[in-house]
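**Student:** Attaching a single structure in C-alpha cells format; questions to follow.
What follows draws every value from the coordinates through simple rules; no lab data is involved. Predicted model, so just to flag it, every value in this text is computed and none were measured. Every residue, glycine among them, receives a Cβ derived from its backbone with ideal geometry; neighbour counts consider all protein chains shown.
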2 protein chains.
Amino acid sequence: MLGVGEMNWPANVTIKEVGPRDGLQNEKAFVSTDDKIAWINQLSGTGMKSIEITSFVNPKWIPALADAAEVAKGIERMPGIIYSALVPNRQGLERALEADVDEVAVFMSASETHNHKNINKSISATFPILREVAQEALSAGKSVRGYVSTVFGCPYEGPISVDEVIRVSEALFDMGIGELSLGDTIGIANPKQVQGVLDILLKRFDARKLALHFHDTRGAALANILVSMDMGITTFDASVGGLGGCPYAPGASGNVASEDLLYMLDAMGIQTGVNPEKLLDAARFIQGKIGRALPSRNLKVGSSNENG
Amino acid sequence: MLGVGEMNWPANVTIKEVGPRDGLQNEKAFVSTDDKIAWINQLSGTGMKSIEITSFVNPKWIPALADAAEVAKGIERMPGIIYSALVPNRQGLERALEADVDEVAVFMSASETHNHKNINKSISATFPILREVAQEALSAGKSVRGYVSTVFGCPYEGPISVDEVIRVSEALFDMGIGELSLGDTIGIANPKQVQGVLDILLKRFDARKLALHFHDTRGAALANILVSMDMGITTFDASVGGLGGCPYAPGASGNVASEDLLYMLDAMGIQTGVNPEKLLDAARFIQGKIGRALPSRNLKVGSSNENG
C-alpha cells in the first residue's frame with residue numbers, strides 16, 4: 001500500500017539509445033563512418049535492446065548522417081537487439097530496406113508550423129507519405145516506430161494542444177506503428193505538464209505502446225521521466241553523453257544522457273539490463289570523437305574518478 | 001481529487017541561495033571581495049528571500065572565503081532578506097556576530113567518518129560545540145539553521161542509516177535551530193531513496209522545518225526535488241550557475257543550479273518570488289568571474305539565445 005504522496009515506479013524500464021541518430025544529427029562535428037560503426041558496436045555490447053543507428057533522410061539536409069547505408073551495413077548485428085533507422089519517405093525507405101535495418105522510424109510534428117519547417121508539408125499532407133512508408137515497411141517484415149515531435153511545446157507556435165497530439169498519434173497508430181515516441185523536441189516540458197498530458201493520452205493509448213523522448217535543454221529531463229514512470233510509462237529514449245544539442249538554442253544540452261538516466265534507474269532498483277561501465281565507455285568514446293565536453297553529469301564524475 | 005499515480009505539488013516554494021558559501025567554497029578560483037559583494041548585491045535584487053553569504057570557518061581551511069567579515073560588512077542589506085553565514089564554532093560565531101549576519105548556520109554530518117574528516121571530532125563531541133554556538137546566537141537575536149550532511153550517503157561509509165540522521169537532527173532541533181537542511185553532500189541520492197527517507201523523517205519532523213539540499217553530481221537533483229515536493233517539502237537550497245563541484249569528484253557538477261530549479265518551478269506554476277532574468281544575470285556574472293562554463297542547463301540556453 002502506498003501512502004499519501006507516494007509515487008509508484010515500475011520494476012523494469014527499457015532505454016532506447018538514439019545517440020547515433022538524434023545525437024549526431026544535431027552535432028556540428030562529422031564523425032567518420034568507421035568511428036560510427038565502432039561506436040555502435042560498442043553500444044551493442046552495453047545491454048541496450050534498441051539502437052537507432054542512423055537516418056535515411058536526404059544527405060543534403062543532414063550531412064552528418066550521409067553515410068547511413070555504410071553504417072547500417074558495416075555494424076555487427078547482435079542477436080536480440082533492434083537496429084532502427086529514421087525514414088522520412090519512400091526513397092529513404094528503399095535505402096533503409098536495402099541496408100536491412102530491423103525497424104523503421106517515421107516522424108512528424110504535432111505543430112503545423114514545425115512540421116512545415118521540418119518536412120516542408122502540412123500535417124495532413126504528411127499522413128499519406130508516412131502511411132505508405134509504414135505499410136511497405138510492415139510488408140517487408142520490419143517493425144515501425146512513430147515519433148511525434150513538439151508534443152510539449154513548439155519553437156514557433158508555443159504551447160501545443162493535446163487534441164492535436166491525439167490526432168497525430170491516432171493517425172500514426174492507424175498506420176500500424178508498434179510504438180509511439182512522444183518528443184519534447186526543444187526540452188521545455190515540465191513534470192506537471194507531463195502528468196497532465198499523459199493523464200489524457202493514457203485514456204486513449206496503452207502505456208506499453210508509448211515511449212517518452214526528453215531533451216535536457218532546461219535540466220528537467222530526469223524529473224519528467226520520474227513522473228512519466230509514475231504514470232505508467234516504461235520506455236525512454238536517451239543518448240550516451242547527452243549528445244545532440246538543440247537546433248533552436250546553440251550550445252544547449254541535447255537528449256537526456258543515457259548514463260544519467262541509467263544511474264537514476266539503477267539507484268532506484270529499476271532493472272534495465274544495461275551495464276553502466278560499458279555505457280560510460282561508449283560515452284567516453286564518442287566524447288573523444290566529438291572533441292568537446294558532453295553535457296552528461298555521470299560522464300564528468302567518471303572522468304574525474306579516472307583522473308583523481 | 002488526484003487520480004492513481006498523480007503527484008501533488010505545493011503552491012509556493014522557497015529557494016535559498018547558497019552559492020556565495022557552498023558554491024564558492026568548492027571552487028578553485030578565488031573571487032575577489034569586491035566581486036563577491038557585487039554578486040551578492042545582485043542576488044539580493046532577484047527576489048531571493050535568503051542568501052548564505054559566506055562561512056566564518058578558519059581561513060586556513062577555506063581560503064576562498066577568508067574575506068568573510070569584509071563580505072558580510074560590505075554588502076547592502078535589503079529589507080526582507082535573511083543574510084546567513086556558516087559558523088563552525090565559538091570563534092566563528094564571534095566574527096559572525098561582529099559582522100552582524102541575520103542568521104547563523106551550524107553544520108555536522110550524519111556519518112561518523114565524514115564528520116571526523118570534516119570537523120575533526122566525533123558526532124557526540126560535536127554536539128556541545130554546536131549547542132553553545134546555537135544558544136549564543138539565539139541570545140544575540142539571530143535565527144539558527146542546521147545542516148546535516150551525507151544524509152543520503154557518505155564518500156567513506158557508503159549508505160547512512162536513517163536512525164543516525166534522526167539522532168543528529170533531533171539533537172540540532174533540541175539546540176533551537178529553526179530549520180534543518182538535509183544535505184545530499186556527494187550528489188548520490190535517488191528519488192526512491194528520498195521518498196523513503198522523508199517518509200520516516202516526516203513522522204518526526206514538521207515538513208515546514210525541513211529543507212533539502214541536493215547536489216547535481218549525478219544529474220538527479222531536480223528529480224529528487226520533485227519527489228521531495230510531492231512529500232510536502234517546500235524549501236530547497238540551490239546555487240546560481242550550479243556552482244560548487246564536488247570535493248570527492250573533481251570536475252563534477254555542484255549544487256543544483258538555482259535557475260534550473262526556478263525554471264522547473266515556474267513552468268509548473270509554483271510561486272517563488274524570484275525573477276528568472278535577474279537570476280540568470282547573477283549566474284552569468286559569477287560564471288564570468290569563475291572563468292569556466294558552469295554546469296547550469298538554463299545558463300547555456302540563455303547564453304545561446306543572446307548569441308543567436
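**Student:** What FRET efficiency, computed as 1/(1 + (r/R0)^6) with R0 = 60 Å and r the Cβ-Cβ distance, is obtained for residue A:281 and residue B:139, rounded to the nearest 0.05?
**Tutor:** Values: r = 58 Å, r/R0 = 0.96.
Efficiency at R0 = 60 Å is approximately 0.55.
**Student:** As an exercise, use a Förster radius of 56 Å and the Cβ-Cβ distance of residue A:35 and residue B:203 to find the FRET efficiency, rounded to the nearest 0.05. Mind showing how you got there, number by number?
**Tutor:** Details: r = 54 Å, r/R0 = 0.97.
In this case the efficiency is close to 0.55.
**Student:** In whole Å, what is the distance between the alpha-carbon centres of the range A:1-71 and the range B:277-299?
**Tutor:** That distance is 30 Å.
**Student:** Which value, in debye to the nearest 20, gives the size of the charge dipole of the range A:51-177 about its Cα centre, when Lys and Arg are +1 and Asp and Glu are -1 at the Cβ?
**Tutor:** Details: 11 positive and 17 negative charges, 42 e Å.
About 200 debye.
**Student:** With labels modelled as points extended 7 Å from the Cα through the Cβ direction, what inter-label distance (nm, one decimal) is found for residue A:6 paired with residue A:90?
**Tutor:** Label-label distance for residue A:6 and residue A:90, simple model: 5.7 nm.
**Student:** Also: What nm distances, shortest first, do you get from the label point of residue B:277 to those in the other copies when the point sits 7 angstrom along Cα to Cβ?
**Tutor:** Output for residue B:277: 5.1 nm, nearest copy listed first.
**Student:** Using amide H atoms built in the peptide plane, which far-off residues or other-chain residues are under 5 Å from residue A:251 H to H?
**Tutor:** A:246
**Student:** Can you give the net charge of the other residues whose Cβ lies under 12 Å from the Cβ of residue B:160, counting K and R as +1 and D and E as -1? Spell out each step's value before the answer.
**Tutor:** Details: positive: B:167; negative: B:112, B:157, B:163, B:164, B:184.
With Lys, Arg at +1 and Asp, Glu at -1, the neighbours total -4.
**Student:** Same structure again: Do the sum for chain B: with -39,500 (n - 2.57) for every DSSP H run of n ≥ 4, divided by all residues, what is the mean residue ellipticity at 222 nm, to the nearest 500 deg cm²/dmol? Show your work: numbers first, answer last.
**Tutor:** Details: 11 runs with 123 residues, N = 308.
Calculated mean residue ellipticity at 222 nm is -12000 deg cm²/dmol.
**Student:** I've got another one for you. Measuring from the axis that superposes chain A on chain B, report the chain A residue with the minimal C-beta distance, rounded to whole Å.
**Tutor:** Measuring from each Cβ to the axis, the minimum is at A:223, 2.
**Student:** Let me make sure I get this right: for the protein assembly as shown, a, b and c are the square roots of the gyration tensor eigenvalues over alpha carbons, sorted descending. Under 1.5 in a/c it's rounded, otherwise prolate if a/b > b/c, else oblate. Which is it?
**Tutor:** Working: a/c = 2.07, a/b = 1.97, b/c = 1.05.
Prolate, since a/c reaches 1.5 and a/b exceeds b/c.
**Student:** Further question on the same structure: Specify which residue in the list B:198, B:111, A:285 is farthest towards the positive end of the charge dipole of the protein assembly as shown, using unit charges on the beta carbon of Lys, Arg (+1) and Asp, Glu (-1), about the Cα centre.
**Tutor:** Sorting the options by dipole projection puts first A:285.
**Student:** Contact order normalised by length for chain B, with contacts defined as Cα pairs under 8 Å and 6 or more residues apart; what percent is it?
**Tutor:** Relative contact order comes out at 20 percent.
**Student:** Among the aspartates and glutamates, select those whose C-alpha is under 15 Å from the C-alpha of residue B:36, and discard any that sit fewer than 8 residues away in the same chain.
**Tutor:** Here the aspartates and glutamates satisfying the reach criterion relative to residue B:36 are B:17, B:22, B:27, B:52, B:67, B:70, B:76, B:281.
**Student:** Would you pull out the residues with amide H under 5 Å of residue A:14's amide H, same chain only if 5 or more places away, H placed 1.01 Å from N?
**Tutor:** When sequence neighbours closer than 5 places are left aside, the close amide H contacts are A:235, A:236.
**Student:** Take every DSSP beta bridge whose two residues both sit in chain A, then give the antiparallel share in percent to the nearest 5. List each step's numbers first, then the result.
**Tutor:** On the way: 2 of 35 bridges.
Of the beta bridges lying entirely in chain A, close to 5 percent run antiparallel.
**Student:** Checking the a/c ratio against 1.5 first, then a/b against b/c, what shape does the Cα gyration tensor give for the range A:14-298? Don't skip to the end; give the middle numbers.
**Tutor:** Values: a/c = 1.36, a/b = 1.07, b/c = 1.26.
Verdict is rounded for the range A:14-298.
**Student:** Taking other Cβ within 10 Å of each residue's Cβ, how do B:256, B:162, A:71 sort, fewest first? Before the final figure, lay out each step's value.
**Tutor:** On the way: B:256 32, B:162 18, A:71 25.
Least crowded to most crowded, the residues run B:162, A:71, B:256.
**Student:** Let me ask something additional. What does the extension gain come out to for residue A:293 and residue A:58, with contour length at 0.36 nm per residue minus their alpha carbon separation? Intermediate results must be reported in sequence, preceding the final value.
**Tutor:** Details: separation 235, 0.36 × 235 = 84.60 nm, distance 2.91 nm.
Once the chain is fully extended between residue A:293 and residue A:58, it gains 81.7 nm.
**Student:** At residue A:135, label 7 Å along Cα→Cβ: distances to the other copies, nm, ascending?
**Tutor:** Copy-to-copy label distances at residue A:135, shortest first: 8.6 nm.
**Student:** Additional query: Please get the size of the charge dipole for the range A:14-298, origin at its Cα centre, with Cβ charges of +1 on Lys and Arg and -1 on Asp and Glu, quoted in debye to the nearest 20.
**Tutor:** Working: 27 positive and 34 negative charges, 57 e Å.
So the dipole magnitude of the range A:14-298 works out to roughly 280 debye.
**Student:** Cα-Cα over 30 Å: which of A:300/B:16; A:192/B:278; A:49/B:28; A:300/B:142? Before the final figure, lay out the partial values.
**Tutor:** Values: A:300/B:16 26 Å; A:192/B:278 25 Å; A:49/B:28 42 Å; A:300/B:142 40 Å.
Pairs exceeding the cut-off: A:49/B:28; A:300/B:142.
**Student:** Can you say what percent of the DSSP beta bridges in the protein assembly as shown, counting only those with both residues inside, are antiparallel? Round to 5. Show your work: numbers first, answer last.
**Tutor:** Working: 4 of 70 bridges.
In the protein assembly as shown, DSSP labels about 5 percent of beta bridges as antiparallel.
**Student:** Would you order B:107, B:30, A:56 from fewest to most other beta-carbon atoms within 10 Å of each residue's own beta-carbon?
**Tutor:** On the way: B:107 22, B:30 15, A:56 27.
By the 10 Å Cβ count, ascending: B:30, B:107, A:56.
**Student:** In addition: To make sure I understand the rule: partners must be aspartates and glutamates, Cα under 18 Å from the Cα of residue A:121, and not fewer than 8 residues away in the same chain. Which ones qualify?
**Tutor:** Correct list for residue A:121: A:112, A:132, A:157, A:164.
**Student:** Would you list A:279, A:97 from fewest to most Cβ contacts within 10 Å? Spell out each step's value before the answer.
**Tutor:** On the way: A:279 31, A:97 18.
Fewest-to-most ranking of A:279, A:97: A:97, A:279.
**Student:** Also, I was wondering about something else. I want to check the label-to-label distance for residue A:70 and residue A:156. Put each point 7 Å from Cα in the C-beta direction and report it in nm to one decimal.
**Tutor:** 3.3 nm
**Student:** How far apart, in nm, are two points set 7 Å out from the Cα along the Cα-to-Cβ line at residue A:167 and at residue B:125?
**Tutor:** A separation of 7.2 nm, rounded to one decimal place.
**Student:** Still on this structure, I have one more. Among residues other than residue A:231 whose Cβ falls under 11 Å from its Cβ, what is the net charge (Lys/Arg +1, Asp/Glu -1)? Write down the numbers at each step before the final one.
**Tutor:** Details: positive: none; negative: A:199, A:230, B:6.
Spelling it out: positives minus negatives among the neighbours equals -3.
**Student:** Starting from a label point 7 Å past Cα on the Cβ side, list the distances from residue A:199 to the same position in the other copies, nm, shortest first.
**Tutor:** 2.4
**Student:** Name the residue farthest towards the positive end of the dipole of the protein assembly as shown from the options A:68, B:171, B:270, assuming +1 on Cβ of Lys and Arg, -1 on Cβ of Asp and Glu, about the Cα centre.
**Tutor:** Farthest towards the positive pole: A:68.
**Student:** So if I place +1 on the C-beta of Lys and Arg and -1 on the C-beta of Asp and Glu, and nothing else carries charge, what would the dipole magnitude of the protein assembly as shown be about its Cα centre? I want it in debye, nearest 20.
**Tutor:** On the way: 56 positive and 72 negative charges, 87 e Å.
Result for the protein assembly as shown is approximately 420 debye, rounded to the nearest 20.
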